[in-house]
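Engineer: Sharing a structure with you now.
The values are calculated or read from the model by the stated rules, or taken from the named source; none is laboratory data. In this text, all values refer to a predicted model and were calculated from it rather than measured experimentally. Glycine gets a Cβ as well: all are built from the backbone with ideal geometry, and neighbour counts include every protein chain shown.
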Amino acid sequence: MSDQTAPDASSADTQVAAHQDAVGDDARTIRERLAQVTETVRAASREAHGDAAAVRVMLATKTQPAARIRVALEAGHTLIGENRVQELQAKAPELADIPHEPHLIGPLQRNKVNHTLRAGAVCVQSIDSLAVAQKLSDRIAALAAEGHDALVAEAPGTLRTVGTLRTVGTGSPDSEQSGPLVDAAPGSPTSTADPQSPLLDVFLQVNTSREDSKSGVTPAAAEELAGQVRELPHLRIRGLMTIGFPGAGDDEIRPSYAELRELSVRLRDAGVLPTTATELSMGMSADYALAIEEGATIVRIGSTVFGARD
């Protein structure tokens, strides 16, 4: 009979304990980094806007497993941004039991519209064509006709109606705005939508860096797109979004952020954008402080909290 070595129970226990310690250390690091960046953003917001709560931190969760995102949500954070529809879908069931506000911040193709809505996205920040915007509005209408439950089948995010709209970027992520929108100009949601019509918040993505590799409408074409999207009955424009130059210096990045701010003001003054479309989503881990100086109300931060992606 050959000798058989009995399993080393103590070794297995040691490995389990080491794994649990590593998980605990990772969670603690995420919480500490999140607290740090939140305080830094609040200080920068106070300096730039005179209000510490004027800028919200969006956690960019590309490639992050749901377990790591959950750590941030359990620490009280709510605003997250996913780059890919597939990831939004995959993580939604795992995070469905905890309140959060999922935005899609990456490109959206027309054939992914239904998946995006069913995964519970409460906002799409990457609208850069009328075709995608029209498909979103049409699909929301179709889902609403099936029953409102179809709109929130897999995740906690819900589409708002004109009567109860979640406000974004006001310093209170869970505040509600009851009654009609302030902006009742022709073409605004209040003048074209049924009072119980579901609305999806959207941002128009503008390619202010003018890089061929980036998505987004050109600044020159933004006015036409804004006017077209504003007429769609199931979308509500909340503001503009852009992506800065990767790895560039402040002198190269700042003009692209300043241009987005100036474009927002110009389009609102001209009545093309609703007066409520004041949000500016710009700035990431490497340049969010500069973006806040230029008027950002949402900064998208990933590696500063989660560490570098593999």
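Engineer: List pairs: first residue in segment 222-250 and over 19 Å from residue 211 (Cα atoms), second residue among the aromatic types (Phe, Trp, Tyr) and surrounded by 16 or more Cβ atoms within 10 Å (Cβ to Cβ) anywhere in the structure, Cβ distance under 9 angstrom, at least six positions apart or on different chains.
Structural biologist: 237/203; 238/203; 239/203
Engineer: Which of (1) over 18 Å from residue 271 (Cα atoms); (2) assigned to a helix (DSSP H, G or I) does residue 229 not meet, given it meets every other one?
Structural biologist: The single condition residue 229 does not satisfy is (1).
Engineer: Can you tell me which residue among 238, 210 is within 28 Å of residue 289 (Cα to Cα), basic (Lys, Arg) and surrounded by 16 or more Cβ atoms within 10 Å (Cβ to Cβ)?
Structural biologist: Sole residue among the options that is within 28 Å of residue 289 (Cα to Cα), basic (Lys, Arg) and surrounded by 16 or more Cβ atoms within 10 Å (Cβ to Cβ): 238.
Engineer: So which of 300, 261 ends up being assigned to a strand (DSSP E or B) and under 21 Å from the mean Cα position of the chain (by Cα)?
Structural biologist: None of the other options fit; the residue is 300.
Engineer: Being surrounded by fewer than 22 Cβ atoms within 10 Å (Cβ to Cβ) and on the phi > 0 side of the Ramachandran plot, is that true of even one residue in segment 254-273?
Structural biologist: The answer is yes; a qualifying residue exists.
Engineer: Wholly within segment 69-145, which strands (runs of 3 or more DSSP E) include no fewer than the required count, namely at least 1 residues that are among the polar types (S, T, N, Q) and farther than 21 Å from residue 197 by Cβ?
Structural biologist: 123-127
Engineer: What's the number of the only condition in (1) surrounded by 18 or more Cβ atoms within 10 Å (Cβ to Cβ); (2) closer than 26 Å to residue 235 by Cα that residue 70 fails to meet?
Structural biologist: It is condition (2) that residue 70 fails.
Engineer: Kindly establish whether residue 167 is surrounded by fewer than 20 Cβ atoms within 10 Å (Cβ to Cβ), polar (S, T, N, Q) and either at pLDDT 50 or above or more than 24 Å from residue 282 (Cα to Cα) (or both).
Structural biologist: no
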